[in-house]
Amino acid sequence: MKIKSLQLKNFKRFTDLTLQDIPENAKLVLLIGSNGSGKSSVFDAFELIGSSLKGGMRTPDEYYRKNKNENFQVRLLEQDNESFFHINKWGDSGHKGNFQHYSFYGRTSFRQIPRLMRRQLGGSNFDINYDTDRSFSFIDKDERFENDLEHIFGKLLKEFFRTVDDKSEIKEKVVNPINESFERIFGQQNGTKLRLVELIPPLEGKTAEINFNKGESAFHYNQLSAGEKEVFNILINLVARREYYQDTIYFFDEIDLHLNTKLQYNFLKEIVEHWIPENCQFWTASHSLGFIQYAKESEQTVIFDFDDFDFDLPKILSPEPKDNPNLYQIAVDKELLPALFKNFKIVFVENTDKQHYASLNILDTIFIPENGRNSVYHKTKDGNYFGLVDRDFLSDNDIAAIEAEYKTLGVLRYYSVENYLYHPDNLEEYFAKSKMALDKAKYINKLVEAKNTAKDHIIPSISLKRTEYPYFGEPNFNGKTNQNRFKNKGENAEQSAIIAGYLQSDDLEIFYKVFPMKSYATHLQERQNIAKTDLSKTDWFKSQIEQIIK
């Protein structure tokens, strides 16, 4: 089951909110926003629908109504554009499609069990299939952890007595998947490698024995860190209940609690890619950097930003563009960067170029993505931060003037980062380290041929493209007025002619400066089946970038 859109009227935080345009391939829907922005209210809507399908209202209508004198409305549309569910108040609902009691399964953010308490099996009466031990709302404590353990213990005991399998094989149906997840989340280094070694049910008036190894040390569940307990809690829950929820919207609130940034990333990746069935959708809410980073990189993810909206007014939200660097400000306000990294050089760069520059591991330097060339320029023109922008169609004279005026703004010496990655010198180093052959002279000849094929298409657009550049646009640039050479037709034409002359040359180091390798020469065999992330790790590329940002 996957949702295409969701509308909430007079519901909790929202007067009229619509989340729309969720693509069919979206397996993860991440809601980001500061505390109190309304993320958990979406999960209350899912819980309300789930309760109506499971046959029991858990919370009075008034809890959901923003205006107490009006009914609320919740309506969702599935990806097939035909199946829908709507509920206007308790007892007034309808749907079309195959909605079942297992269609929605959620966990609140209040899941933490600091220590095991149950001293016998069978002490709790619940129906795991109908999720009768769920929380009343998303502000209530989720008490399912020890129920999950009891279900697993009971199932293992039944299988032990009903089969001829060795008990260790039965036990590993639970232990092995959890330990494989631990390795992917916490790593395999001896100091951090966490491993589940024993699952012994509560017997003889004693609590369960759930024991782990970490490095050379042994730990009981009660001794784990809060973050380790958080991970184990979620994994045990999915081990116990996933078989009952195979065509489902999973909605877990803030599963990043108590985890550092790297573990946040690893944990979300693990849940989405290894534990949520392919035909299901996983919704979660967070303002953590690790979750945002994973969501930006995953092709099966959409992000809805709830921050800084007045939800007293009707609002329609569509998924955020993945290249919007402002998404990171939910986790780390850019105004705090100088204080957080006061001993580091902060360099703002264009959009996804950050991943290539970050691969360089330049000492005491941090690259931060901004939303395009103009944003980098405006962020750095006052000299408070350093910026690095693409050359595009700038002449050598342009670059000299820009860097003379803006001491903290660097300009690439080639058209874009792709020109560096696919430069013959960079490929030469990469091929040599990979023990592959590169005919460098032949590759350069191919570049010349590709340039000559494309130049008549490129040259007519140069002058117009240059008018989009923000440099020299300040009213008092260099102490003078009206010095914007990109808006001055005569000066723009003069510099455009110089750039056209670069493209007329067959000398690599002349035409290559302004030849858009991102869009042209993409067919060359030497560029095929090579990851850009690998090409950005060469010594040549590092030395070229260091020369600009020093």
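Some notes on this structure:
- Most positive-pole-ward Cα, 464, 232, 174, against dipole of the chain from beta carbon charges: 232
- Sorted peptide list for 204-210, 394-400, criterion being average Cβ within 10 angstrom, highest first: 394-400, 204-210
- Using the Cβ-Cβ distance between residue 155 and residue 92 with R0 set to 30 Å, the FRET efficiency from 1/(1 + (r/R0)^6) comes to roughly 0.15.
- Stretchable slack from residue 465 to residue 497, in nm (0.36 nm times residue separation minus alpha-carbon distance): 10.2 nm
- For residue 215, distant residues with modelled amide H under 5 Å away: 193
- As a length-normalised measure over Cα pairs under 8 Å and 6 or more apart, the relative contact order of the chain settles at 14 percent.
- One decimal place: the segment residue 244-residue 67 gains 60.1 nm when fully extended, by the rule 0.36 nm per residue minus the C-alpha distance.
- FRET efficiency, residue 112 to residue 452 (Cβ-Cβ, R0 60 Å, nearest 0.05): 0.35
- Here the Karplus relation 6.51 cos²θ - 1.76 cosθ + 1.60, evaluated at θ = phi - 60°, turns the backbone of the stretch 137-150 into coupling constants of 8, 8, 10, 9, 6, 8, 9, 7, 4, 6, 5, 4, 4, 4 Hz, with x for every Gly and Pro.
- For residue 297 and residue 25, the FRET efficiency from 1/(1 + (r/R0)^6), where r spans their Cβ atoms and R0 equals 22 Å, is about 0.90.
- Across the stretch 242-249, computed HN-Hα scalar couplings (Karplus, 6.51 cos²θ - 1.76 cosθ + 1.60, θ = phi - 60°) run 4, 5, 8, 10, 10, 9, 9, 8 Hz from first to last residue, x flagging Gly and Pro.
- Fraction of the pair-distance distribution of the stretch 159-302 above 18 Å, Cα-Cα pairs, percent: 61 percent
- Separation between Cα centres of the stretch 361-404 and the stretch 103-124, rounded to whole Å: 52 Å
- In this label model, residue 524 and residue 318 are separated by 3.7 nm, measuring between points 7 Å along each Cα→Cβ vector.
- Whole-angstrom gap from the stretch 211-253 to the stretch 263-295, using each part's C-alpha centre: 15 Å
- For the cross-link pairs 66/89; 407/550; 39/141; 440/513; 27/66; 465/532, the ones whose C-alpha atoms lie over 20 Å apart are 27/66; 465/532.
- Nonpolar atom fraction for the chain, defined as the carbon and sulfur part of the 1.4 Å probe accessible area, stands at 47 percent.
- Full-extension gain in nm, residue 371 to residue 125, via 0.36 nm per residue minus C-alpha separation: 83.2 nm
- Rounded accessible area per residue of the chain, 1.4 Å, Å²: 46 Å²
- Applying the criteria of a DSSP loop state and at most 13 other Cβ atoms within 10 Å to the GluC sites (Glu not before Pro) of the stretch 67-136 yields 70, 82.
The values are calculated or read from the model by the stated rules, or taken from the named source; none is laboratory data. On a predicted model such as this, the values are computed, not experimentally measured, just so you know. Backbone-built Cβ (ideal geometry, glycine too); neighbour counts: all protein chains shown. These accessible areas exclude ligands, DNA and RNA; they are computed on the full protein's heavy atoms, side chains included. Shrake-Rupley method; radii C 1.70, N 1.55, O 1.52, S 1.80 Å.
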